[in-house]
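Participant: I am attaching a structure below and will ask some questions about it afterwards.
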Amino acid sequence: MSSLFEVDVAQPEGFRPLSLDLRTPETAGAPLVVFLHGGGWLRGSRKVFTPGISVADSFDRIVAAGFAIASVEYRLSGEARFPAQLDDVDAAITWLQDHAAEYGVDASRPVLWGVSAGATLAALTGLRRSDVRGVVDWFGPVDLFTMAEHDMGDPPEKTREARWIGGPAAEQPEVARRASPAHQVHAGAPPFHIAHGTADEHVPFSQSEALAEALRVVGADVDFHTVAGGKHFWQGLDDPSTVFEAAIDFCSRVTHSQGD
């Protein structure tokens, strides 16, 4: 395995440079996973796959399975509101498609893998691009209107979602709709692997149920992985290998399909 850290891929005017870390296996032509971290769009780091799970059990596990993985930064909600984050993901994908071959990576068939808030961005990006082979959505918010009904003790204007889109969903309905993957589903959507714990107290399990159902209605390929008793960020799981292996199997299937 080789690694390339702190690569600046974009600098939106007036903001800090945005970087990615690229880890690659020794085999040439590895398919690409683009990873988007969680943190409620408020915080988080590309350096952490999932809080409480080590680099060896996350990034390195994916590379050992034969994939390159690029962990991508995006602007947080204290820096810029939606849809700036989608622009940042697009910029990272463009850089990877322009340069990844220099590092032995095939970026022509990317899979987007997001965790929590990053899963929302992965889903939205997958639904608006035509070159994404698949999306791994781990417990991401997908409907900002129903998320607004989930009381985490914050005033409506101070929730993670409201701070991301500029106000409560009820006051910003058009923006909230565009920021909600469940409302952006369409025929021709890429395959999705959705995994969610039934005991998640931060993002209700019903969020992923709603996205899976919306995708099924339009005939999309949906792999919905229910994790009984799983909490947010897989807290409480004795062994996260099962959730990782299911997602990796999905990545393998979609990147080696369509005649590849």
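Bear in mind that the values in this text are calculations on the coordinates, not laboratory data. This one's a predicted model, so the numbers in the text were calculated from it and none came from an experiment. Cβ coordinates were reconstructed from backbone atoms using ideal geometry, including for glycine residues, and neighbour counts include every protein chain displayed.
Participant: For q = 0.09, 0.11, 0.15, 0.21 Å⁻¹, what log10 I(q)/I(0) does the range 148-260 give under the Debye formula with an equal point scatterer on each alpha carbon and no solvent?
Facilitator: Summing over Cα pairs of the range 148-260 leads to -0.31, -0.46, -0.82, -1.21.
Participant: Projected area of the range 1-81, taken from the Cα convex hull and averaged over every viewing direction, in nm²?
Facilitator: Its Cα hull, projected and averaged over all orientations, spans 5.6 nm².
Participant: Also: Of the DSSP beta bridges with both residues in the chain, give the percent that are antiparallel, rounding to the nearest 5.
Facilitator: In the chain, approximately 30 percent of DSSP beta bridges are antiparallel ones.
Participant: May I pose another question? Note down, for the range 84-233, the three equivalent ellipsoid semi-axes (square root of 5 times each alpha carbon gyration tensor eigenvalue), biggest first, whole angstrom.
Facilitator: Equivalent ellipsoid semi-axes, largest first: 26, 18, 15 Å.
Participant: Out of S180, S58, S116, any idea which swings most in a Gaussian network model of the chain, alpha carbons joined below 10 Å?
Facilitator: Most flexible of the set in this elastic network: S58.
Participant: May I have the convex hull volume per residue, in Å³, for the Cα set of the range 108-170?
Facilitator: 81 Å³
Participant: Which of the peptides 31-39, 236-244, 59-67 is most tightly packed, and how do the rest follow, judged by the mean count of other Cβ atoms within 10 Å per residue?
Facilitator: Descending packing order for the listed peptides: 31-39, 59-67, 236-244.
Participant: Okay, next question. Along the charge dipole of the chain, which of F59, H232, Q11 sits closest to the positive end, that is, farthest toward it, with unit charges on the beta carbon of Lys, Arg, Asp and Glu (+1, +1, -1, -1)?
Facilitator: Q11
Participant: Based on the alpha-carbon gyration tensor of the range 67-154 and its eigenvalue square roots a ≥ b ≥ c, which shape applies: rounded if a/c is under 1.5, prolate if not and a/b is larger than b/c, or oblate?
Facilitator: Cα axes put the range 67-154 in the prolate bin.
Participant: Would you kindly compute the Cα radius of gyration of the range 1-140 and its largest Cα-Cα separation (Dmax), both in Å?
Facilitator: So, for the range 1-140, Rg and Dmax equal 13.7, 40 Å respectively.
Participant: Moving to a separate point now. Provide, as a two-decimal number, the C-alpha radius of gyration of the chain over 2.2 N^0.38 Å, N being how many residues it has.
Facilitator: Here the answer is 0.93, to two decimals.
Participant: Over what distance in Å are the Cα centres of the range 92-118 and the range 53-83 separated?
Facilitator: Result: 11 Å between the Cα centres.
Participant: Quick one: dipole size for the chain, taken about the Cα centre, charges +1 on Lys/Arg Cβ and -1 on Asp/Glu Cβ, in debye to the nearest 20.
Facilitator: Computed charge dipole of the chain: roughly 220 debye.
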